[in-house]
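The values are calculated or read from the model by the stated rules, or taken from the named source; none is laboratory data. The model shown is predicted, which means the values in this text are computed figures rather than measured ones. Here the Cβ positions follow ideal geometry from the backbone for every residue, glycine too, while neighbour counts run over all protein chains shown. Remember, those area values only see protein heavy atoms, side chains included, never the ligands or the DNA or RNA. Shrake-Rupley method; radii C 1.70, N 1.55, O 1.52, S 1.80 Å.
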Amino acid sequence: MIFATAGHVDHGKTTLIQAITGVDTTHLPEEKKRGMTIDLGYAYWPQPDGTSIGFVDVPGHEKFLSNMLAGVGGISHALLIVACDDGVMAQTIEHVSILRLAGCPQVTVILTKVDRVSTQRIDEVRQQISDFLANLGWHDVSMFMTSAPTGEGIAELRDYLVTLHQQEQQHPQWHKRFRLAIDRVFSIKGAGLVVTGTALAGQISIGETFWLTGADKPVRIRALHAQNQPVESAGAGHRIAINITGDISKDNVSRGDWLLSQEPNYQAHKVLVSLITDEPLKHWQSVHIHHGTRHITGRVSLLNDASDTPQLAELILDTPLWLVDNDRLILRDIGAQRTLAAAKVLHLHSPRRGKRQDEFLTWLYALDNAADEREYLQLCLPKGELLLSQFSWAQQLTDTALNQLLSTVDIVSAAGVILSQHNAQNAKQKLLNTLEEYHQQHNDQMGVGRSRLKRMALPTYHDEIVYSLIEQLLNAGAINQSRGWLHLPSHGLAFSAEQDALWQIAKVYFEQSEPWWVRDLADKMKNDEKIVRSLLRKAAQLGLIIPIIADRYYTHKSIEQFASIIIKYNETNGSVTAADFRDELSVGRKLAVQILEYFDRTGFTRRKKDLHILRDKGLF
């Protein structure tokens, strides 16, 4: 178990830890010279069962509050130190405020220097601190009266801490992905680089590979010390020193970096949060932001009224952070004089528009009250597509936990993208409606390629999920596919007997030469131009011929040959031009351009200036 100290400067935090453990946590020459804790200090108290109790000693002076904030992250139990001669002081109040805002659930009060004051003064301070904590929600807090020089109360306190240690339950984040916020970095001769911190979640073992954000590279775990003891593995709630090896140096790593079980998905520049405020915040107020062991600046954009509970906001970060859902951030004024609020991360993606609409705010309220990952997922699914890589990162789910969660919900999944069944059915209907509209507007064409249909019907969706929905529609017989073209079953079924006889004549002319204009073919067949136009449109619906422009047709076989030429040029040159195509076919430039523009319209290629670049190779 790990305890963090809190309290005003010179109230005896370091002295008390030394009395309990025998370890002096000051390690900087300046600390020993000034008799004041400046940076974080650490002490470990070995137990008879082979475990140990850890202590994080934080500085009490207001100038070093950022170091204090770096030390309390991930701590579930704080030891609030109050000197009886001073009582509750400025940094006592601020440290308690930080503990409350950081979500620290348990506090034990330790009154020090009882040997210097009267019994009456001790009772006054006891009442003062009890009332102060009760007003903040901590009732019936355990309290000990101690004196380090005389040893008074130390034995009772030690017994109490051992009991808490023995009653400790498995950390609630034990089965999440591993996360450790680095607070110290140093090198050991013969061992190499070592990073230390408190594990916020997950598990770690020797020999495994993890991701180091500062160096932005993978590293291998060479050795581990948890609670100051060599171990094979450790996890959430442990104070860990980790000997890492890889293509890194000490210059690549610093306090504020993270050691993670997987390469992170993305850094947040803007994030949606709920606020717990100690004093009112102003819209667009500049603030200091503390997260893990990192300290940056940013702004607060308020989304609802100050009277609303909870208050919602968008944090705009001057420097991006590796945030996940439910992370706590501490906000201090830009002068670094006062602690203002805590921010709980609700959602890592902030939309450009609509953040203050009632419907969106209601959704954020629901996220703030979500009890677990399943409830959070149920709230996200109605919004549309959900990328599993983003969701699993935000919720810090392992692959096993993610698969177990997905098995409990009714979804459509493809290539790491999921949709609720309700949204999937709506998307399928959109595909069918779009195809029907296309048939009405282009009744001389067989259908449309899947890539183009996707862009027409569901342009914001990922390709893989749309192609999966199209495949489901094909399997269900809701749409058909002929020669690569998607069409409704009712579109272009067959020639009538009269049309079939006429097509046998027209087919001979297409076998002799092409392309054919409708009017030219009508002259050759000595038939009415309207009848021939209707015939060729029907032939196009059946996929026998293809109009490259209105009333000008090639056979499907010729179009496939042209497509193979385009593929060849794209494989060798990355694109094809009208000049390339003209020379390859020995046709005029105008016809070459018409053919290439047809391929652009179908989605087989896309045009970039004079280049035609392959887009959907499987269409022809």
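Descriptive notes on the structure:
- 5 angstrom amide H check on residue 176, placed H, neighbours 5+ away: 202
- Looking at the range 266-306, the trypsin sites (Lys or Arg not before Pro) that sit in a DSSP loop and have at most 16 other Cβ atoms within 10 Å of their own Cβ are 282.
- Debye, to nearest 20: dipole size of the range 99-162, +1 on Lys, Arg Cβ, -1 on Asp, Glu Cβ: 200
- Per-residue HN-Hα couplings for the range 584-595 [Karplus 6.51, -1.76, 1.60; θ = phi - 60°; Hz; x = Gly/Pro]: 5, 9, 6, 10, x, 4, 4, 5, 4, 5, 4, 5
- Normalising by residue count, the range 272-340 has a Cα convex hull of 83 Å³ per residue.
- Dipole magnitude of the chain about its Cα centre (Cβ charges: Lys, Arg +1; Asp, Glu -1), debye to nearest 20: 2100
- Segment residue 168-residue 216, extension gain: residue separation times 0.36 nm, minus the distance between their alpha carbons: 13.8 nm
- Expected 222 nm ellipticity per residue - DSSP helices of 4 or more, -39500 (n - 2.57), all of the chain, to 500: -11000 deg cm²/dmol
- For the range 320-330, backbone phi angles converted through the Karplus equation (6.51, -1.76, 1.60; θ = phi - 60°) give residue-by-residue couplings of x, 10, 8, 9, 9, 4, 6, 4, 9, 10, 9 Hz, Gly and Pro being listed as x.
- Helix 497-512 vs. the chain, principal-axis angle (Cα, 0 to 90°, nearest 10): 90
- In the chain, the ratio of gyration radius to Kirkwood radius, Rg to Rh, stands at 1.18 when only Cα atoms are counted.
- Rolling a 1.4 angstrom probe over the protein heavy atoms with all chains in place gives the chain an accessible area of 46 Å² per residue.
- The protection proxy used here, the mean number of other Cβ atoms lying within 10 Å of each residue, ranks peptides 40-46, 421-427, 407-413 as follows, highest first: 40-46, 421-427, 407-413.
- Tail weight of P(r) past 23 Å, computed on alpha-carbon pairs of the range 154-260, percent: 28
- Prolate/oblate/rounded label for the range 468-597 (Cα gyration tensor, a/c 1.5): oblate
- Equivalent ellipsoid semi-axes, the range 395-518, via Cα gyration tensor eigenvalues times 5, rooted, Å: 41, 14, 12
- Angle between the chain longest axis and helix 90-101 axis [Cα atoms, degrees, rounded to 10]: 40
- The range 171-308, relative contact order in percent, only Cα pairs under 8 angstrom and at least six apart counted: 24
- The distance from the alpha carbon centre of the range 237-308 to that of the range 324-379 is 13 Å, rounded to a whole number.
- Lys/Arg +1, Asp/Glu -1 at C-beta; the chain dipole; positive extreme among 285, 225, 275: 285
- Checking the cross-link pairs 250/355; 176/430; 557/608 against a 31 Å limit on the alpha carbon distance flags 250/355; 176/430 as lying beyond it.
- Alpha carbon centroid spacing (whole Å) that separates the range 557-577 from the range 4-27: 76
- Quarter of the Cα convex hull surface for the range 343-454, i.e. its orientation-mean projected area (nm²): 9.4
- Computed extension gain for residue 504 through residue 134, at 0.36 nm per residue and net of the alpha carbon distance, reaches 123.7 nm.
- Between residue 584 and residue 389, the FRET efficiency from the beta-carbon distance, with R0 = 41 Å, is close to 0.45.
- Note on the range 492-620: dipole from Cβ charges, positive end direction compared against 559, 599, 534; the farthest Cα belongs to 599.
- Against the chain, whose longest principal axis is taken from its Cα atoms, helix 529-541 shows a tilt of about 40°.
- Pairs of Cα atoms nearer than 8 Å and 6+ residues apart set the relative contact order; for the range 302-436 it is 17 percent.
- Using the Cβ-Cβ distance between residue 160 and residue 429 with R0 = 51 Å, the FRET efficiency computed as 1/(1 + (r/R0)^6) comes to roughly 0.20.
- The string of couplings for the range 560-575 from the Karplus curve (6.51, -1.76, 1.60, θ = phi - 60°) is 5, 5, 4, 4, 5, 5, 4, 4, 4, 5, 5, 6, 8, 10, x, 5 Hz, one whole number per residue in order, with x for Gly and Pro.
- Subtracting the Cα-Cα distance of residue 565 and residue 141 from their residue separation scaled by 0.36 nm leaves 144.6 nm.
- Estimated from the Cβ-Cβ distance and a Förster radius of 56 angstrom, the FRET efficiency linking residue 23 and residue 408 is about 0.70.
- The overall shape of the range 215-284 is prolate: from the C-alpha gyration tensor, with semi-axes ordered a ≥ b ≥ c, the ratio a/c is 1.5 or greater and a/b exceeds b/c.
- For the chain, the relative contact order is 7 percent, taking Cα pairs closer than 8 Å that sit 6 or more residues apart in sequence and dividing their mean separation by the residue count.
- Dipole orientation for the chain: of the candidates 516, 302, 106, 516 has the Cα lying most toward the positive pole (charges on Cβ; Lys, Arg +1; Asp, Glu -1).
- For the range 264-378, the dipole from Cβ point charges (+1 on Lys and Arg, -1 on Asp and Glu) about the Cα centre works out to 460 debye, to the nearest 20.
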